[in-house]
1. Suppose the filter is open to solvent by less than 30 Å² (accessible area, probe 1.4 Å), modelled with pLDDT of 95 or more and either in contact with a His (Cβ under 7 Å, 6 or more places away or on another chain) or hydrophobic (A, V, I, L, M, F, W, C) (or both); does Val168 pass it?
2. Select from segment 152-172 the residues that are aliphatic (A, V, I, L, M) and outside any strand (DSSP E or B) and write down the one among them that is farthest from Val107 (Cα to Cα).
3. If I ask for residues that are among the hydroxyl-bearing types (Ser, Thr, Tyr) and surrounded by 22 or more Cβ atoms within 10 Å (Cβ to Cβ), which ones from segment 178-199 would you list?
4. If I filter segment 91-120 down to residues being among the acidic types (Asp, Glu) and in contact with a strand residue (DSSP E or B) (Cβ under 8 Å, 6 or more places away or on another chain), which single residue comes out as modelled with the lowest pLDDT?
5. Can we say Arg200 is in a loop (DSSP other than H, G, I, E, B) and either under 17 Å from Ala132 (Cβ atoms) or at pLDDT 85 or above (or both)?
6. Does Val175 satisfy the criteria of being open to solvent by less than 50 Å² (accessible area, probe 1.4 Å), in a strand (DSSP E or B) and in contact with a helix residue (DSSP H, G or I) (Cβ under 8 Å, 6 or more places away or on another chain)?
7. Any chance segment 81-90 includes a residue that's modelled with pLDDT of 95 or more, under 28 Å from Arg65 (Cα atoms) and basic (Lys, Arg)?
8. Failed condition for Asp123, given (1) modelled with pLDDT of 95 or more; (2) more than 20 Å from the chain's Cα centre (by Cα); (3) open to solvent by 20 Å² or more (accessible area, probe 1.4 Å), with all others met?
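The values are calculated or read from the model by the stated rules, or taken from the named source; none is laboratory data. Treat the numbers as computed from the prediction; the structure is a model and nothing was measured. Don't worry about glycine lacking a Cβ; one is built from the backbone with ideal geometry, like all the others, and counts go over all protein chains shown. When the accessible area is computed, the model is the full protein with side chains, heavy atoms only, and any ligands, DNA or RNA have been set aside. Shrake-Rupley method; radii C 1.70, N 1.55, O 1.52, S 1.80 Å.
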Amino acid sequence: MHTAAWWPQHPDIRPAAPPREAAPGAALWPWGLRGLSETLEVVALALLMFLAVRAVAQNFIVDGRSMEPTFAHGEFVIVNKLAYAGIDLSWVPGLEEGDWRPFGEPVGGDVVVFRFPGERERDFIKRVVAVAGQTVRVEDSAVYVDGVRLAEPYISEPPSYRVEARLVPEGSVFVLGDNRNNSFDSHSWGMLDASLIIGRAEFRYWPPSAIGGVDHVRQPRAPGPEVSRSPSTTK
């Protein structure tokens, strides 16, 4: 005869199973090694895209009023770092000039961002007025390049200073701020080594009311014999 136990029976209660061991990689990432691998791939791709964009373009904040009325203090601009990029082809037999610039070189009227020669941790934004081989002078409240008086609708007021005629040497440019009488530029510290140019300002994206491309006013050049010059290098 089967005798029932005197204590209550609970058939739905069973001994607890021993804890299961965590799968390999579960402690490293909530979704396991596969999820961790996919996440790292996304992060690596995002980093590569960031570095690629950074190599082509860079954003800057205008600090100061030396480029008024073209740029106001606090505006944001995007600089094209490939604008004057050079490719070294000196290893190719038969090439006289080893530095190839597929996108061109600085020309008069370009607005450029560069490292300040006297303190290279600082970045300046100015307008190229004259390039290598050109003669520039400032007198009678006007700028002359190769004897031609420049028409400059972008400046705030005519320059009140005077600069004796000087030839821009190879690998250099002469830059001035559009706010001529309130700008620390080539009329104060001399020629700018073109290798210090970071790039050409292309687009203003802040404030919203000023969004748009940057106007690079091309300047005429007086006819005359060409002065040969070797290409400069840019970063």
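1. Details: open to solvent by less than 30 Å² (accessible area, probe 1.4 Å): yes; modelled with pLDDT of 95 or more: yes; either in contact with a His (Cβ under 7 Å, 6 or more places away or on another chain) or hydrophobic (A, V, I, L, M, F, W, C) (or both): yes.
Yes, satisfied.
2. Selected residue: Ile155.
3. First pass over segment 178-199, keeping only residues among the hydroxyl-bearing types (Ser, Thr, Tyr): 183, 186, 188, 195.
Those that are among the hydroxyl-bearing types (Ser, Thr, Tyr) and surrounded by 22 or more Cβ atoms within 10 Å (Cβ to Cβ): Ser183, Ser186.
4. Narrowing segment 91-120 to residues among the acidic types (Asp, Glu): 96-97, 99, 105, 110, 119.
Add one more test, that the residue is in contact with a strand residue (DSSP E or B) (Cβ under 8 Å, 6 or more places away or on another chain), and what stays is 99, 105, 110.
Details: Asp99: 65, Glu105: 91, Asp110: 96.
Top of the filtered list is Asp99.
5. Numbers: in a loop (DSSP other than H, G, I, E, B): no; either under 17 Å from Ala132 (Cβ atoms) or at pLDDT 85 or above (or both): yes.
For Arg200, the condition - in a loop (DSSP other than H, G, I, E, B) and either under 17 Å from Ala132 (Cβ atoms) or at pLDDT 85 or above (or both) - is not met.
6. Numbers: open to solvent by less than 50 Å² (accessible area, probe 1.4 Å): yes; in a strand (DSSP E or B): yes; in contact with a helix residue (DSSP H, G or I) (Cβ under 8 Å, 6 or more places away or on another chain): yes.
Answer is yes for this residue.
7. Taking segment 81-90 first, the residues modelled with pLDDT of 95 or more are none.
Taking every residue of segment 81-90 in turn, none turns out to be modelled with pLDDT of 95 or more, under 28 Å from Arg65 (Cα atoms) and basic (Lys, Arg).
8. (2)
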